[in-house]
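To start, the structure under review is shown below, and the notes come after it.
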Amino acid sequence: MSTVTTSGDTLPRRGEVWWVRVDKRRPAVVVQTDKVREPRVGSFLVVPLTSRLHLQGLPGNVRLDRRETRLPKPSVANVYDVQKVLRADFVERLSTLPGNRLDAVADGLRLVFDL
């Protein structure tokens, strides 16, 4: 479960799916390690989720089912669009990805970043 700070802010955890505000309100999965998860951290790295299912054909991208994300439609984790989101822009926690699905997103990031 997410940690709530003394100010009432919720700290996102790796693998959680959230509604976030970036260019617009959109779903994203937190990919930043929990090792640096503390109240002084002002932002988190996320992979946006999109309903543009044709993007699942790009190497590394991961299709996710509705039951995994709790979104109304299937989605694709677009590892080509990693973003930094300020803690204040995390709107609502939706779910936590199963370990094997988070592993697939991590594999996609390793492919894209050549890690």
Which residues, counting only those in region 92-115, are farther than 19 Å from Leu58 by Cβ and loosely packed, with under 13 Cβ neighbours inside 10 Å? Glu92, Gly99, Asn100
Quick one: is Val112 in a helix (DSSP H, G or I), β-branched (Val, Ile, Thr) and under 25 Å from Arg37 (Cβ atoms)? yes
Which of the residues spanning region 42-68 are β-branched (Val, Ile, Thr), in contact with a helix residue (DSSP H, G or I) (Cβ under 9 Å, 6 or more places away or on another chain) and under 15 Å from Trp18 (Cβ atoms)? Val47, Thr50
Just to be sure before I move on: is Gln83 under 12 Å from the mean Cα position of the chain (by Cα) and surrounded by 12 or more Cβ atoms within 10 Å (Cβ to Cβ) in the structure I sent? yes
Considering residues that are modelled with pLDDT under 95, touching an Asp or Glu at 6+ places or on another chain (Cβ under 9 Å) and over 16 Å from Glu92 (Cβ atoms), the number found within region 6-50 is 2
Within region 36-65, tally of residues that are surrounded by 12 or more Cβ atoms within 10 Å (Cβ to Cβ) and assigned to a helix (DSSP H, G or I): 3
State which residue is modelled with the lowest pLDDT when the search covers only region 77-111 and only residues that are among the charged types (D, E, K, R) and in contact with a Phe, Trp or Tyr (Cβ under 9 Å, 6 or more places away or on another chain). Arg87
Is at least one residue of region 67-76 modelled with pLDDT of 95 or more and farther than 17 Å from Pro98 by Cα? yes
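The values are calculated or read from the model by the stated rules, or taken from the named source; none is laboratory data. The model shown is predicted, which means the values in this text are computed figures rather than measured ones. Here Cβ is always computed from backbone atoms with ideal geometry, including for glycine, and neighbour counts include all displayed protein chains.
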